[in-house]
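Novice: Handing you a structure now.
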Amino acid sequence: MTMNKHRFAMTFVAALAVAAAGWMVPAASAQATKIGSVDMRKLYEEFYKTKVAQRSFDESVGAYKKDYQQRVNDYNKLNEEFQKLREEANNPALTQEKREQKAKSVQEKVLELRKSLEAVKEFEQNSQQYLNDLRRRQNDAILKEILEAVRKKGRDGSYTVIVDNSGFGTVASVPMAVYADEKLDFTDMVLKELNANAPASLPSGTGPGPATLPAPSTTPRTPLPAPAP
């Protein structure tokens with residue numbers, strides 16, 4: 001059995017389990033179970049707005065990469081000027097007065113060099129955060145539109161459950177059951193049982209939030225030269 005078939009089998013079994021909960025629905029409102037499946041990965045990858053968003057994102061990355069490289073070039077230029085000044089300051093042929101002037105220039109260049117390096121690092125960090133947020137917003141908007149389309153199809157086609165057969169939910173915020181008839185939802189019934197022995201006084205809040213992984217790096221990195229001593 002291939003991996004895709006295995007995933008479909010698992011999601012299909014899960015769908016049957018959800019549909020089986022239909023016995024809790026009053027007979028007068030019960031209807032024949034109708035299960036469908038979609039490939040959310042395919043929907044996402046072949047949706048034209050995904051391609052448009054990718055192009056826009058690549059253009060943003062290119063613009064930030066160009067700006068970042070210019071800052072690196074400016075830093076490299078300052079570093080070269082610093083190295084030259086330091087060599088001149090160590091020239092034994094210079095008079096004491098000239099040597100002191102060169103030493104002062106070296107110290108000023110060191111400060112300028114450090115500020116430049118800090119600016120490069122700050123720009124990289126800020127641009128990385130912006131690009132990660134941009135990618136997240138794009139994906140959220142695309143997945144929302146896809147899910148809305150799938151759920152509309154589920155309602156219009158009188159489906160009981162529609163499952164994702166691609167396993168896309170392991171890498172994106174996509175539920176296994178992308179659509180389910182509301183009459184099958186018995187969350188409130190279970191919650192009532194769970195809270196049957198709840199104390200009269202409870203602390204406010206909803207508990208700890210879900211653990212999240214950091215967003216993957218997307219900014220092309222250009223190695224910085226070692227900072228001058």
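Novice: Quick one: 3J(HN,Hα) in Hz for the stretch 33-40, Karplus 6.51/-1.76/1.60 with θ = phi - 60°, rounded, Gly and Pro as x.
Specialist: Values, residue by residue: 6, 10, 10, x, 9, 9, 9, 5 Hz.
Novice: List, in the order given, every pair from Lys98/Lys121; Lys49/Lys121; Lys51/Lys152; Lys65/Lys104; Lys42/Lys65 whose Cα-Cα distance in the structure shown is over 25 Å.
Specialist: Pairs exceeding 25 Å: Lys98/Lys121; Lys49/Lys121; Lys65/Lys104; Lys42/Lys65.
Novice: By count of other Cβ within 10 Å, fewest leading, how are Arg114, Arg99 ordered?
Specialist: Ordered by Cβ neighbours within 10 Å, fewest first: Arg114, Arg99.
Novice: Where Lys and Arg each count +1 and Asp and Glu each count -1, what net charge lies around Ala103 among other residues with Cβ under 12 Å from its Cβ?
Specialist: +2
Bear in mind these aren't lab numbers, they're just calculated from the coordinates by the rules spelled out. Keep in mind that what you see is a predicted model, and the values were worked out from it rather than measured. Note that each Cβ is placed from the backbone with ideal geometry, even for glycine, and that neighbours are counted across all protein chains shown.
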